[in-house]
1. For each of VAL177, VAL119, count neighbouring Cβ atoms within 10 Å of the residue's Cβ, then give the residues from fewest to most.
2. I'd like the antiparallel share, as a percent to the nearest 5, of DSSP beta bridges with both residues in the range 162-270.
3. Can you pick out the pairs among LYS169/LYS230; LYS230/LYS265; LYS208/LYS267; LYS154/LYS256 whose Cα atoms lie more than 25 Å from each other?
4. First check a/c for the range 162-270, with a ≥ b ≥ c the square roots of the eigenvalues of its C-alpha gyration tensor; if it is under 1.5, answer rounded, and if not, answer prolate when a/b is larger than b/c or oblate otherwise.
5. When only C-alpha pairs under 8 Å and at least 6 residues apart count, what is the relative contact order of the range 88-161, in percent?
6. So which trypsin sites (Lys or Arg not before Pro) in the range 86-165 end up in coil per DSSP with only 15 or fewer other C-beta atoms within 10 Å?
7. What are the ³J(HN,Hα) values, in whole Hz, obtained from phi via the Karplus relation 6.51 cos²θ - 1.76 cosθ + 1.60 with θ = phi - 60°, for each residue of the range 117-125 in sequence order, with x given for Gly and Pro?
8. Using Cβ counts within 10 Å as a stand-in for footprinting exposure, how do TRP114, TRP155 rank, fewest first?
Amino acid sequence: MGSIKSFIQDINIAEGERLRMDCPSCRGSNTLSISRIDGVILYQCYKLMCSEAGGIYEGMTAQQIKKRIASLSDSSSAQDRCQENIPMIIPEYIISPTNHTNSKTNLFSFIEWWGLDGVELLYDVKDNRAVFPIRRQGIMIDAVGRSLVGSTPKWLRYTGAADVYLACKGKSNGVAVIVEDVISANTICSVCQNVTGIAILGTSLSLKHMEYLQEYKKIIVALDPDASHKNLQYRREIASWTGIDTIAMRLNDDIKYRETEDLIKLKALCGLTMVYLPH
């Protein structure tokens, strides 16, 4: 027989539906679970010796997306908003940095190197991490920690309550730039006044991300150069899911390295300046 993915794709499974059936790989009786959630078909065989598990992205129609976003706004969004109002319990090893802290660690060098002066930061004493608080309506609900000494993982989520990290100086002008990480998000707002830098916390876009993006009139996807395929994928998904003017920007280098040509193109796309770029 063909692959299990081909087998699953031949099954007509509706959005929100869950099925249980025999596994075609291990022949397990009623051990294969299949469900479809937000355009993704998830499958897993629960037989001990079978390793079949994964996901298949099939997408959603515009009508399905609008219906799903509406349902989130009416029901689960209320729960999500409630979760986003729950203050993070800050561990005692996460402290406000001081001049003494900076002199005893490489936090000051980290701030200076990435141009983060003025950005709200805490310090994780236990793991030696720069900690970027995530606030909603002034309440700290989550945080992202960046290792200062090459520890694994490089990036650490502290609660998982937030879906995005937002950085903007001044009142938003309606333009948002989606980037790989929180340093890049702060780079965006430091070089583009009133433009919002958005770091997606997760490996893929979800409908909750779309809810955040709907408040913008223009979105630029500027992921790192080694994620060019994902860059285009995000642009297609955002444009089809939200109908917002969405552009995929091809970078020469990670935006946090502030490569000159990248910054010129970015400002032009954000409508901040008119420039001529030679081919």
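1. Working: VAL177 28, VAL119 19.
Sorted ascending by nearby Cβ count, the order is VAL119, VAL177.
2. Values: 4 of 16 bridges.
Bridges in the range 162-270 that DSSP calls antiparallel: roughly 25 percent.
3. Working: LYS169/LYS230 27 Å; LYS230/LYS265 20 Å; LYS208/LYS267 28 Å; LYS154/LYS256 16 Å.
Beyond 25 Å between Cα atoms: LYS169/LYS230; LYS208/LYS267.
4. Numbers: a/c = 1.42, a/b = 1.18, b/c = 1.20.
The shape class here is rounded.
5. Numbers: 103 pairs, mean separation 18.0, N = 74.
Taking the mean separation of contacting Cα pairs over the length of the range 88-161, I get 24 percent.
6. Working: sites: LYS104, LYS126, ARG129, ARG135, ARG136, ARG146, LYS154, ARG157; in loops: LYS126, LYS154.
Those satisfying the criteria are LYS126, LYS154.
7. Here the 3J(HN,Hα) series is 4, x, 7, 5, 9, 10, 10, 8, 5 Hz.
8. Numbers: TRP114 19, TRP155 16.
Ordered from fewest to most neighbouring Cβ atoms within 10 Å, TRP114, TRP155 come out as TRP155, TRP114.
No value in this document is a laboratory result; all are computed from the given coordinates. Here the structure is a predicted model, which is why all the values come from computation and not from measurement. Reconstructed Cβ throughout: ideal geometry from the backbone, glycine too, with neighbour counts over all protein chains shown.
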